[in-house]
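The structure appears right after this line, and notes come after that.
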Amino acid sequence: MQADVTTLDAKKAGTVELADDVFGLEPRPDLLARMVRYQLAKRRGGTVSVQDRSEVSYTGAKLYKQKGTGRARHGSRRANLFRGGGKSFGPKPRSYAIDLPKKVRALALKHALSAKVKSEALVVIDKCEMKEAKTKELKARFSKLGFRSVLIIDGAEVQAAFAKAARNLPHVDVLPVQGINVYDILNHDKLVLTKAAVEALEARFK
């Protein structure tokens, strides 16, 4: 399939051929949901931790004698039912990551790209470059193109001036092609690929 190429000044810059096996698939919501769950689970810190009764800093002496007081039998002030005692079955540091085959992850990325094409939310531009890092100037160009919530994917490296100009714009993310991912694609209204990014993605899936 063919897609029109525009510039940052909203001018036509020819067309580009998009591979059907990367951009022309029928999107599968179940596959995209699995990938989003995989990404969100993997990014969780898993650093929460509480003390159990073996870790609480408290006296180890028996509270009172075992029999003859008429009270319940207790052997430690660190027990979970006392104020300041340890937590029973509390959370400990762990990984929340789940497994997902590499081929499934690659297929999910193809389906995310195809979903943007199908919803007409994919834009191809010739390049992402600016002479100076001017946020106001870039915002004006984005207004011409109708960009609000947008993920911009460049080639192997993002030009420093462009990245600096875009970083203060809300709902705008700029990534090199190595950082493209399903969650960010679906989390933005539009996906913008440079010609270099299109070539890199097609080469990646060959």
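The values are calculated or read from the model by the stated rules, or taken from the named source; none is laboratory data. These numbers were taken from a predicted model, which means no experiment stands behind them. FYI the Cβ positions are ideal-geometry reconstructions off the backbone, even for glycines, and counts take in every protein chain you see.
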- Message: Taking the condition of being buried (at least 16 other Cβ atoms within 10 Å of the Cβ) and either among the β-branched types (Val, Ile, Thr) or not assigned by TED's automatic domain parsing to the domain that holds VAL172 (or both), how many residues in the range 101-136 meet it?
- Response: 4
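Step by step: first the residues of the range 25-35, then only those that are touching a residue at least 12 places away in the same chain (Cβ under 8 Å) and out of contact with any Ser or Thr (no Cβ under 6 Å at 6 or more places or on another chain), then the one that is farthest from LEU100 (Cα to Cα). Which residue is that?
So in the range 25-35, the residues touching a residue at least 12 places away in the same chain (Cβ under 8 Å) come out as 25-28, 31-32, 34-35.
Remaining after also requiring out of contact with any Ser or Thr (no Cβ under 6 Å at 6 or more places or on another chain): 26, 28, 31-32, 34-35.
Values: GLU26: 21, ARG28: 16, LEU31: 11, LEU32: 12, ARG34: 8, MET35: 8 Å.
Among those that are touching a residue at least 12 places away in the same chain (Cβ under 8 Å) and out of contact with any Ser or Thr (no Cβ under 6 Å at 6 or more places or on another chain), it is GLU26.
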- Query: Given the residues LEU81, LEU63, which is the only one that is touching a His at 6+ places or on another chain (Cβ under 7 Å) and in a loop (DSSP other than H, G, I, E, B)?
  - Reply: LEU63
- Task: Only residues that are surrounded by 12 or more Cβ atoms within 10 Å (Cβ to Cβ) and small (Gly, Ala, Ser): list them for the range 141-178, please.
- Result: SER149, GLY155, ALA161, ALA163, ALA165, ALA166
- Qualifying position, being in contact with a helix residue (DSSP H, G or I) (Cβ under 7 Å, 6 or more places away or on another chain), farther than 23 Å from PRO29 by Cα, part of a helix (DSSP H, G or I) and modelled with pLDDT of 90 or more, among ALA140, ALA165: ALA165
